[in-house]
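First the structure, which I've put down as structure tokens, then a few questions once you've had a look.
The values are calculated or read from the model by the stated rules, or taken from the named source; none is laboratory data. Remember, it's a predicted structure, so these values are computed and weren't measured experimentally. Glycine also receives a Cβ, built like all others from the backbone with ideal geometry; neighbour counts cover every protein chain displayed. The area values use the complete protein model at the heavy-atom level, side chains included, leaving out ligands, DNA and RNA. Shrake-Rupley method; radii C 1.70, N 1.55, O 1.52, S 1.80 Å.
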Amino acid sequence: MNIQAIVGFVRERTSGAPIARAQVCAYDRDDCVDDRIGEAVTGTDGRFEITSGDDAFAEFVEDSPEVVIEVRLPSGALHSA
């Protein structure tokens, strides 16, 4: 089984300061139902890594997933990209 990884950082928009303890979820956007790929919590440096095996991608109908990242900050504010 191959492991797929989505890696990134969550930072404050204006200062660029890292945001720790943010919840990050990755989804494959579909017309009907978005498929959840995985989730992670950012470290003190704002870094996250979401790993998934091939089985998480087995149900994707299209050739490649349209990944959407959703971030819930420690304050509860929700952002997506």
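What number goes with the only condition from (1) open to solvent by 40 Å² or more (accessible area, probe 1.4 Å); (2) at pLDDT 80 or above that Gly38 does not pass?
Of everything listed in (1) open to solvent by 40 Å² or more (accessible area, probe 1.4 Å); (2) at pLDDT 80 or above, Gly38 misses just condition (1).
Looking at this structure, is Thr44 at pLDDT 95 or above and either open to solvent by 40 Å² or more (accessible area, probe 1.4 Å) or among the hydroxyl-bearing types (Ser, Thr, Tyr) (or both)?
Values: at pLDDT 95 or above: yes; either open to solvent by 40 Å² or more (accessible area, probe 1.4 Å) or among the hydroxyl-bearing types (Ser, Thr, Tyr) (or both): yes.
Against the criterion (at pLDDT 95 or above and either open to solvent by 40 Å² or more (accessible area, probe 1.4 Å) or among the hydroxyl-bearing types (Ser, Thr, Tyr) (or both)), Thr44 qualifies.
Sticking with this one: Have a look at Pro74, Pro65 and point out the one that is closer than 13 Å to Ile6 by Cβ, at pLDDT below 95, open to solvent by 20 Å² or more (accessible area, probe 1.4 Å) and part of a loop (DSSP other than H, G, I, E, B). Outline the logic, then answer.
Working: Pro74 fails: closer than 13 Å to Ile6 by Cβ.
None of the others qualify; the one that does is Pro65.
Right, here's the next one. Enumerate the pairs (first residue in the range 31-54 and without any contact (Cβ under 8 Å) to a residue 40 or more places away in the chain and assigned to a strand (DSSP E or B); second residue anywhere and open to solvent by 60 Å² or more (accessible area, probe 1.4 Å) and of a type outside the set (Val, Ile, Thr)) with beta-carbon separation below 7 Å, excluding pairs fewer than 6 apart on the same chain, so at least 6 apart or on different chains.
Asp35/Glu59; Glu39/Gln23; Ala40/Glu49; Val41/Arg21; Val41/Gln23
For the range 1-30, what are the residues that are surrounded by 14 or more Cβ atoms within 10 Å (Cβ to Cβ), outside any strand (DSSP E or B) and not aliphatic (A, V, I, L, M)?
Residue satisfying the conditions is Asp30 alone.
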